[in-house]
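Q: Structure below; questions to follow.
Coordinate-derived values only; no laboratory data. This one's a predicted model, so the numbers in the text were calculated from it and none came from an experiment. Cβ coordinates were reconstructed from backbone atoms using ideal geometry, including for glycine residues, and neighbour counts include every protein chain displayed.
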Ligand SMILES: Cc1cc2nc3c(=O)[nH]c(=O)nc-3n(C[C@H](O)[C@H](O)[C@H](O)COP(=O)(O)OP(=O)(O)OC[C@H]3O[C@@H](n4cnc5c(N)ncnc54)[C@H](O)[C@@H]3O)c2cc1C
Ligand code: SF4
């Protein structure tokens, strides 16, 4: 019998790691705390993904299917690891229900937690029903219901998307850039304009980080083809005049105060460290970095190693990551785990 691999977290990174290890002939046990696989794109109901414009349910759904259908993979949903003991090549994971899984190594693909906008109360979330998050907007689109104001179901004429909500904000202890939200927001703005061609969509930004090849299609495309308007601003607050929401702040290009009315305001929420990370750190004996994500032992030679030998990490568990990079890291972690622990047990190798 070959040494099985434990994978914790069934999002894009975990699904990729499970597929790679199982395709190489290794037995895999995949543990997911929720009752279904797919990670944030499925659990949070994302619509069309960037950069491919494919529906999340189709592409991530296909990743789920190929893992579930693979006879080398045992999937345990609604499950958590309570303790993880032993040494590389001979670990025992004890699950919350008391079940035990003997494995040679483990890969942590436990992902991130969406920033909770109630921690930015001055920007209106939780006070005004028509202040929503990008995940809520994704759900409106993916459910087929379309973009509507939650307060009364009307189609919004004027929509503001506020970038960097819960990212790049030292005041609330979040220094990092969440990497993908500029591009996701430009894409959502284009989707709103496509569904509601009469609408006016504004993106409020500090800087635009549609990195790499995303600049042309998403930043310029949203302006030139879809007439999305960008305002470089420092936002003070989101209030209401009784009829419409008001986004107040300073236009930092012309250095003038601005107060602009909208029907709907969208928070482009960032990627916080997984709220479970303290527990994961103590159960698996792995270090967290100063931001609270799982620490990579080093950056280049062994990208996926943690501080504990035999325990690897991939995807947004390590910091904000895109889906394609999370998938690539999942495969890399599987390769690292495969080569780290021999395919045969010492007794088998001696035979
Ligand atoms: C609004 C929004 C839209 C986005 N859209 C895009 C996009 O269009 N394109 C793109 O490239 N990226 C997008 N992203 C980023 C994308 O969500 C991440 O890149 C991706 O989800 C990372 O995958 P992952 O597998 O690392 O983590 P996750 O998707 O977070 O998956 C982690 C999995 O682990 C499980 N888990 C967590 N803790 C435990 C535990 N203790 N035990 C067991 N299981 C656990 C979780 O339930 C989850 O299933 C978006 C992000 C946001 C915020
Ligand atoms: S990707 Fe854009 S919206 Fe997201 S944190 Fe970075 S700069 Fe802000």
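Q: Measure off 7 Å from each Cα along the Cα-to-Cβ vector at residue 114 and residue 213, then give the distance between these two points in nanometres to one decimal.
A: Roughly 2.8 nm, to one decimal.
Q: Same structure, new question: Stretch residue 224-residue 172 to full length: gain in nm at 0.36 nm per residue minus the Cα-Cα span?
A: Using 0.36 nm per residue and subtracting the Cα-Cα distance, I get 15.2 nm.
Q: Please grab the % of Cα pairs in the chain that end up more than 25 Å from each other.
A: Details: 33593 of 61425 pairs.
Counting every Cα pair in the chain, those more than 25 Å apart make up 55 percent.
Q: From zero up to wherever the largest Cα-Cα distance of segment 10-88 sits, split into 5 Å bins and tell me the percent of pairs in each.
A: P(r) over segment 10-88, rounded to whole percents: 3, 16, 23, 23, 17, 11, 5, 2, 1.
Q: In addition: Between the alpha-carbon centers of segment 193-227 and segment 10-35, tell me the distance in whole angstrom.
A: 35
Q: Please list 316-329, 59-72 highest first by mean number of surrounding beta-carbon atoms within 10 Å per residue.
A: On the way: 316-329: 22.9, 59-72: 16.0.
Ranked by mean Cβ neighbours within 10 Å, highest first: 316-329, 59-72.
Q: Quickly work out the residue 82-to-residue 96 label distance, labels modelled 7 Å from Cα along the C-beta direction, and quote it in nm with one decimal.
A: Calculated label separation equals 1.1 nm.
Q: I've got another one for you. For the chain, take the longest principal axis of its alpha carbons; what is the angle in degrees between that and the long axis of helix 323-340, to the nearest 10 within 0 to 90?
A: Computed tilt is about 10 degrees.
Q: Apply 1/(1 + (r/R0)^6) to the Cβ-Cβ distance of residue 62 and residue 250, taking R0 = 41 Å, and write down the FRET efficiency to the nearest 0.05.
A: About 0.35, to the nearest 0.05.
Q: Sort 29-37, 140-148 by packing, meaning the average of other beta carbons within 10 Å per residue, with the highest value first.
A: Details: 29-37: 19.6, 140-148: 14.7.
Result, highest mean Cβ count within 10 Å first: 29-37, 140-148.
Q: Using only Cα atoms, find the angle between the long axis of helix 12-23 and the longest principal axis of the chain, and express it within 0 to 90 degrees, rounded to the nearest 10.
A: Between helix and principal axis, roughly 30 degrees.
Q: At a temperature of 37 °C and a viscosity of 0.692 mPa s, determine how fast segment 117-271 diffuses translationally according to Stokes-Einstein, using the Kirkwood radius over alpha-carbon pairs as Rh; express D in µm²/s, rounded to the nearest whole number.
A: 212
Q: Rounded to the nearest 0.05, what FRET efficiency do residue 36 and residue 335 have when you use their Cβ-Cβ distance and R0 = 22 Å?
A: With R0 = 22 Å, the Cβ-Cβ based efficiency is 0.25.
Q: Moving on to the next point. Please work out the C-alpha center-to-center distance from segment 39-92 to segment 100-118 and express it in whole Å.
A: One Cα centre to the other: 10 Å.
Q: Same structure again: Between segment 260-302 and segment 129-151, what is the separation of their alpha carbon centroids in Å?
A: 25
Q: Simple spin-label model, 7 Å along Cα-to-Cβ: residue 289 to residue 148 in nm?
A: Label at residue 289, label at residue 148, 4.2 nm between them.
Q: As I understand it, the value is the acute angle between the Cα axis of helix 56-68 and the longest principal axis of the Cα atoms of the chain; what does it come to in degrees, rounded to 10?
A: Approximately 10 degrees, to the nearest 10.
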